[in-house]
Each structure stands twice: as structure tokens, then as C-alpha cells.
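Here, each number is a calculation from the coordinates, and none is a lab measurement. Treat the numbers as computed from the prediction; the structure is a model and nothing was measured. Positions of Cβ are backbone-derived with ideal geometry, glycine not excepted, and every protein chain shown enters the neighbour counts.
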Amino acid sequence: MAYSMALNAIYNQYLTTYAPKKSDTRYDTHKKSELRNITNSMAKVNRDAPLYKLDNSADSAGYIIGIKEETRQLINSVSSIVGDVENAALDGKIAYSTDESIVSVKYIGSKEDNDDYEPMDGTEGADGEVTNLDGSRPSFNIEVQSLAGPQVNLGAFLARDGRDIPAGDYVFDLSVAGQGYEFQYTIREDDTNLDIEEKLSRLINNSKINLKSEVVSDDTGNVALRIESSQVGVNFGQQPKVFEISDTKVPGRNGSVDYLGINHTVREASNANIIVNGMEASSPSNTFILDRNFQVTLNGISPEKGMTTEIGIRPDTEAIATNISNLIGSYNSFINAIRNYTDSQRGSQTLLSEMNRVAGTYSDDMSKVGINYKEDGEFDVDMDRLQIALGTGTRDGSFDSLKAFTGAVVRKSKAVSLDPVKFVNKTVVEYKNPGKNTLSPYTASAYAGLLFNSYC
């Protein structure tokens with residue numbers, strides 16, 4: 001019992017003091033093959049590691065755990081911004097339509113956002129985005145011939161203040177998408193045709209059965225009941241009649257359906273008919289997914305035959321600038337966290353020097369687009385200058401250097417994460433015999449040992 005309580009205290013100490021603040025991202029989950037690769041990489045790194053004696057103080061333990069968690073958070077942050085780090089695009093995309101009144105569109109993502117993504121008419125670019133075979137982004141020309149429509153029933157137009165049906169209790173049956181309902185209502189002696197239709201309209205609207213109803217008038221002031229289905233279009237295998245209204249067979253309680261004429265269908269549900277890049281297509285809805293990247297909404301019919309609306313994607317400079325700013329912010333947070341240990345850990349100076357060398361390699365080119373390297377090792381982003389560079393389409397190598405810098409930072413962070421003990425205070429006891437060294441899979445246990453040394 002005492003042993004179990006001691007272990008609980010150890011784990012609680014670790015979780016409250018050293019555990020990562022954010023560990024619920026998808027980048028913290030790994031496949032078996034990824035874990036196997038990490039294990040193999042650790043073994044290779046430790047092949048040449050000398051035998052050393054660690055400083056097992058509480059400060060050293062906090063430092064080494066801290067830098068490992070900081071590198072993990074940096075890698076996760078960069079991955080969430082650019083996706084595939086080795087092919088970082090630092091891109092942002094926004095959908096466009098040349099006529100929103102006919103077709104509106106929303107960009108809903110690519111492979112990075114959808115694991116089931118499959119390109120339909122092109123190949124995948126470096127960032128998972130669909131591209132045409134010539135490398136251009138895909139666009140579609142859409143001609144809207146008809147919109148998907150609901151079923152509409154329109155009753156007979158009757159005199160507003162008259163009534164030719166006896167007072168009493170009435171029943172009729174209504175079927176919606178195969179589901180049957182029975183409606184009961186009462187016609188009073190002083191009810192007019194308008195009163196009856198308004199009463200039925202409220203009854204249908206309040207029933208929540210995906211139908212909507214209203215009382216309409218003609219030019220002479222006569223009134224009729226109009227019933228429309230909420231569903232538009234006809235799915236495969238369905239009938240074009242979404243709902244049906246029929247009189248009950250109960251004597252004395254029927255006759256209202258024929259009198260009001262609400263079983264008269266003036267329009268059956270119909271699908272949208274469009275031509276996309278010269279190919280005819282149809283959809284049971286006016287909103288649908290095209291090519292797994294676009295959510296398309298049809299708002300109107302093309303004014304002339306052969307007239308099309310173009311949709312596609314273009315760079316979103318505001319989104320790109322935000323991604324770059326977040327990326328630099330993550331790097332600065334990492335540098336600042338490591339700098340906190342420079343007074344107590346000599347290894348942190350080594351790590352900072354290595355990161356500074358990486359940053360210095362690309363700083364000149366990055367400064368051309370407003371990403372300026374500072375003396376303390378961090379970067380400052382001039383958003384105005386960055387927006388100008390993005391808006392003018394600057395592609396003279398400056399953004400390529402930012403991409404290369406991103407990859408280099410992540411590679412260095414992964415190396416630190418594999419062997420964080422490299423940057424902690426330690427005393428070398430013996431170097432391995434050059435050329436005859438062997439794998440040392442248990443060297444990594446020194447890291448785990450820092451967590452438990454003072455408890456054992």
C-alpha cells in the first residue's frame with residue numbers, strides 16, 4: 001500500500017510540474033511504424049554517445065524535461081500551421097465565384113483536412129491541394145439550367161368570406177416521405193373559408209413534419225392554401241411526390257380535402273440541372289460538394305444558355321500572413337523558453353547557439369519580406385511589409401528561405417527531442433572505441449531515470 005501511494009505521489013508530481021500543457025492534438029498520436037522509426041533513430045543517435053555521468057539535480061531534471069516538451073510543442077505548432085513540414089507551403093486559400101447571385105462557393109479543404117480525400121480531376125500538390133496536371137489550380141465553369149425545387153400543392157381559390165362546406169369535425173391523412181399523419185380539426189358555424197385555411201395552415205406549420213403552408217390570394221381576392229415541402233429534389237430511388245394528402249374514409253368526417261383542393265400538386269420535387277465544364281450533371285440539393293474541395297450553392301439560373309459562372313480558389317494573403325506570424329511566434333516562444341535556463345545549464349547556451357546558426361542562415365532573405373532577426377535570437381514580423389510582399393506576389397527566394405528555415409527548425413527540434421540529454425550538464429567518463437561501437441538502446445533510460453532517481 002505504501003509503495004502504491006509513493007508511486008502515485010511520483011506520478012502526480014510529474015503531471016503537475018512537467019507534463020505538457022497541451023497534449024490533445026492529433027500530432028501527439030502516432031502509428032506503430034512511426035514509433036518504430038523513433039526507436040530506431042534513438043538507437044542510432046546513441047550509437048556514438050559516450051559514457052557519461054549526469055547531473056541528477058532537480059533543476060537538471062526540470063530543464064531536460066522542459067526542453068523536450070518545448071521542442072514537442074514547437075513541432076506540433078509548426079505542423080498545425082504548414083502541415084507537411086518537409087514540403088511546407090505556408091499557404092492560405094479562399095474560394096471565389098464570378099457571380100455570387102448564380103453560384104456561391106466555399107473552400108472546404110484538401111487532403112490535410114480530410115483523410116478520405118481523393119482527387120477527381122487532377123493530382124495532389126505539395127500541400128495536399130488538388131492541382132491540374134499542368135500545376136495550375138483547378139477551376140470550374142458552371143451553367144445553371146434549373147434549381148432543385150420542392151413539391152408544391154395549391155388548393156382551390158375560394159371566396160374569402162364564404163363557405164360551402166357544413167360545420168363539423170373533419171379528418172384527413174397526410175403522408176410525408178412515407179411517414180403517415182392524421183389531422184383532425186373542427187369547422188365552426190361562423191368560420192369562413194379564410195378562417196378554415198388559416199387554421200389548417202397553422203396546424204401544418206406547427207406539426208414540424210417538414211412542410212410549410214400559407215394562405216395566398218388571387219387577383220379577385222379569393223384565397224387558397226399553398227403547401228410546400230421543405231425537402232427539395234429527389235434522391236435516387238425516391239418518388240417525385242414528397243407528400244400526399246387524402247381524405248379519410250370515415251363517413252361524416254371527410255370531404256374537406258376535395259372542397260379545399262389541397263391534394264392538387266402543381267409542382268413535383270425536382271433536381272437541379274447544371275453543366276460543369278461542358279458535362280451535364282444533376283443534384284437533389286442546391287448545395288453540394290464538388291471535387292471534394294468546394295461547397296457549391298446554387299442561387300439562381302444562368303441568364304442565357306451557354307453563359308457560365310467560374311468558381312475556383314486563389315491565395316488568401318491575409319490567411320498566409322496570419323500563418324507566417326503564428327509560425328514566427330511559436331519559434332520565438334521556444335527560444336524564450338530555452339533562454340530561461342542559460343544561468344543554470346551550460347547546455348542551453350549550446351542549444352541557443354545551434355538555433356541561432358539556423359536562423360542566421362536565412363535571416364537576410366527573410367528580412368526582405370518583413371521578418372527581421374533580432375540580437376536576442378528571436379524574430380520580429382513587420383505585418384505591413386509582409387502584406388505588401390504577399391500582395392505584390394514577391395517570389396524572389398525570400399519566401400523559399402522562410403520555407404527552408406521552417407524545415408531546418410523542425411529537423412533540429414526533432415534531433416533535440418530524440419536526445420535531450422545532450423544539452424544537460426554532465427561529465428564524460430569514457431568515449432567509445434571509434435569504428436567498433438555498438439547500438440546503445442538503453443542510453444535513453446538516463447532521461448527516464450531523471451524522473452525517479454530521487455524517489456528510489
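Couple of notes before you dig in:
- Per-residue packing, averaged as other Cβ atoms within 10 Å, sorts the ranges 361-368, 159-166 into the order 361-368, 159-166, beginning with the highest.
- Residues with amide H under 5 Å from that of I301, placed H, sequence gap 5 or more: none
- Sorting the segments 320-331, 259-270 by their residues' average number of neighbouring beta-carbon atoms within 10 angstrom, most packed first, yields 320-331, 259-270.
- Violating pairs (Cα-Cα greater than 19 angstrom) within the set K44/K414; K93/K403; K93/K412; K44/K432; K53/K432; K93/K305: K93/K412; K93/K305
- Summing +1 for each Lys or Arg and -1 for each Asp or Glu among the other residues whose beta-carbon sits under 10 angstrom from that of Q145 gives -1.
- Whole-number percent relative contact order across region 240-327, with pairs defined as alpha carbons under 8 Å at least 6 apart: 14
- The tail of the calculated P(r) for region 150-267, taken as Cα-Cα distances beyond 19 Å, holds 44 percent of the pairs.
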